[in-house]
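The block underneath contains the structure these notes are about, expressed in structure tokens.
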Amino acid sequence: MPIGGGWKGDGVTPLSFDYPISTAILYLGGNDGDLADTLEAVENISQTLKARGHTVRVKEVNQKNWREAVRTPGEVVFNLVEDHGFVLYMKVARAVEELGRAQVGLDMECFKYVVSKSRMKRRMLANGVSTPDFRIFSRRSKFSNVRRLEYPLIVKPSGEHAGIGISQDSVVIDEVELRDRVKYLFGHFPGEVVAEEYIEGREIHVTVMGNGRHVFALPPAEIEFGGEFGDNWSVYTYEAKWEKRSWEYWSARVESPAMLGRKTDKRIEALAVKAYKVFGCRDIARLDIRVDDKGRGYVVDVNMCPSLNSGDDQDATLASVKALGWSYEQFLETVVAITYKRVYGRLPDRMRERRWLLAAPSKSV
């Protein structure tokens with residue numbers, strides 16, 4: 001039975017292993033909400049792969065040991081070293097690639113977009129990927145360049161991820177509030193600031209998997225804003241993502257598949273796959289899309305390091321996996337398999353490839 005209106009991923013059977021492989025999980029520890037999620041993901045990935053017969057080595061990474069850490073044995077590497085600004089992450093990622101290892105997810109070419117929302121927005125604009133109209137501020141920018149934008153706007157630090165720097169105060173309704181928010185972000189975060197038109201509508205997250213022609217989208221997940229969001233902005237803030245003590249966390253619930261209607265389903269799927277290819281995403285990524293009341297989609301973020309934490313029952317990617325009918329174990333092994341094949345050109349010996357989506361994605365938007 002079709003899921004979410006007939007997505008390309010419907011009916012795809014996950015890859016399963018007959019032959020064990022070795023994996024390495026490199027991670028950054030910490031107590032912040034997003035880092036606590038990473039620690040939980042490390043445990044879940046490790047225990048799941050071990051239970052399936054694979055060899056797993058886990059290494060906590062810091063500024064002193066990163067050169068040693070990247071040599072942790074493993075045919076496939078999960079790089080979960082997501083520090084603020086991605087400084088340490090970049091060192092680890094580059095070193096792993098130089099060693100010829102299979103690293104799950106983005107490469108150095110993609111990385112320049114992860115660390116710069118402003119660069120990401122410019123690329124979407126240049127390649128015809130629908131995204132809210134925007135302006136980029138440096139510390140020398142004049143505010144006159146936003147006159148053609150329609151308020152409200154949402155204002156974000158360009159160099160952050162995981163919702164860092166995004167709160168209810170991020171949405172501004174006039175130039176006075178815009179000036180105050182831009183000034184605040186310059187005082188708390190390095191780099192540029194992005195202001196984009198706030199799209200009133202639904203928050204849809206689409207996870208895309210695969211490489212080259214072998215790409216498909218999972219059923220869409222929706223962040224449903226209930227409770228006190230009725231009197232606030234429907235924004236997926238840092239608090240809504242990570243802070244379990246906040247009203248925002250408990251009022252923002254994920255549901256998959258999102259019921260969008262067949263025409264909107266196809267439009268959003270095509271938009272997600274197009275963005276995935278425009279940015280050269282690898283293996284797996286999540287596209288965050290706002291959908292207005294006319295069913296038009298706008299990509300607001302490209303998450304090339306989506307959470308793989310099965311312990312988070314509000315994770316959009318895992319909700320989509322469940323809607324597809326896969327178990328977490330099947331999903332994780334499939335991610336490992338497509339990463340392995342991308343780098344080594346083949347699947348591991350004695351691996352049974354049951355059924356993989358070989359058809360090209362639907363027509364681009």
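Among the residues of region 282-330, those that are touching a Pro at 6+ places or on another chain (Cβ under 6 Å) and within 11 Å of residue 206 (Cα to Cα) comprise 286, 317, 320.
Does residue 287 qualify as being crowded, with 19+ Cβ neighbours inside 10 Å, of a type outside the set (Lys, Arg) and not in a strand (DSSP E or B)? When the stated conditions are applied, residue 287 does not pass them. Cβ separations smaller than 9 Å between residues 6+ apart or across chains give the following pairs from region 254-277 residues that are closer than 14 Å to residue 299 by Cα and among the aliphatic types (A, V, I, L, M) to residues that are at pLDDT 95 or above and assigned to a helix (DSSP H, G or I): 275/124.
Each row is one residue, and each column tells you yes or no for (1) farther than 20 Å from residue 156 by Cα; (2) of a type in the set (A, V, I, L, M, F, W, C); (3) out of contact with any His (no Cβ under 9 Å at 6 or more places or on another chain).
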position	(1), (2), (3)
203	no, no, yes
230	yes, no, yes
239	no, no, yes
257	yes, no, yes
278	yes, yes, yes
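Let's see how each residue does on (1) surrounded by 21 or more Cβ atoms within 10 Å (Cβ to Cβ); (2) closer than 30 Å to residue 345 by Cβ; (3) modelled with pLDDT under 95:
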residue: 220; (1), (2), (3): yes, no, no
residue: 223; (1), (2), (3): yes, no, no
residue: 228; (1), (2), (3): no, no, yes
residue: 231; (1), (2), (3): no, no, yes
residue: 241; (1), (2), (3): yes, no, yes
residue: 247; (1), (2), (3): no, no, yes
residue: 250; (1), (2), (3): no, no, yes
residue: 259; (1), (2), (3): no, no, yes
residue: 271; (1), (2), (3): yes, no, no
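Are any of the residues in region 86-103 at pLDDT 95 or above, in contact with a strand residue (DSSP E or B) (Cβ under 7 Å, 6 or more places away or on another chain) and not polar (S, T, N, Q)? No, there is no match, as no residue in region 86-103 is at pLDDT 95 or above, in contact with a strand residue (DSSP E or B) (Cβ under 7 Å, 6 or more places away or on another chain) and not polar (S, T, N, Q). The condition (being hydrophobic (A, V, I, L, M, F, W, C), farther than 24 Å from residue 237 by Cβ and at pLDDT 90 or above) is satisfied by just one residue among 171, 76: 76. Checking 146, 172 one by one, the residue that is more than 27 Å from the chain's Cα centre (by Cα) and crowded, with 18+ Cβ neighbours inside 10 Å is 146 and no other. Take the conditions closer than 21 Å to residue 237 by Cβ, out of contact with any strand residue (DSSP E or B) (no Cβ under 8 Å at 6 or more places or on another chain) and crowded, with 20+ Cβ neighbours inside 10 Å and apply them to residue 192. Does it pass? No. Summed over region 160-186, residues that are assigned to a helix (DSSP H, G or I) and polar (S, T, N, Q) total 2.
Given the condition out of contact with any helix residue (DSSP H, G or I) (no Cβ under 6 Å at 6 or more places or on another chain) and among the aromatic types (Phe, Trp, Tyr), answer yes or no: does some residue in region 116-134 qualify? No, there is no match, as no residue in region 116-134 is out of contact with any helix residue (DSSP H, G or I) (no Cβ under 6 Å at 6 or more places or on another chain) and among the aromatic types (Phe, Trp, Tyr).
The values are calculated or read from the model by the stated rules, or taken from the named source; none is laboratory data. Fair warning: this is a prediction, and the values are worked out from it, not measured in the lab. A quick note on method: Cβ atoms are made from the backbone with ideal geometry, for glycine too, and the neighbour counts reach across all protein chains shown.
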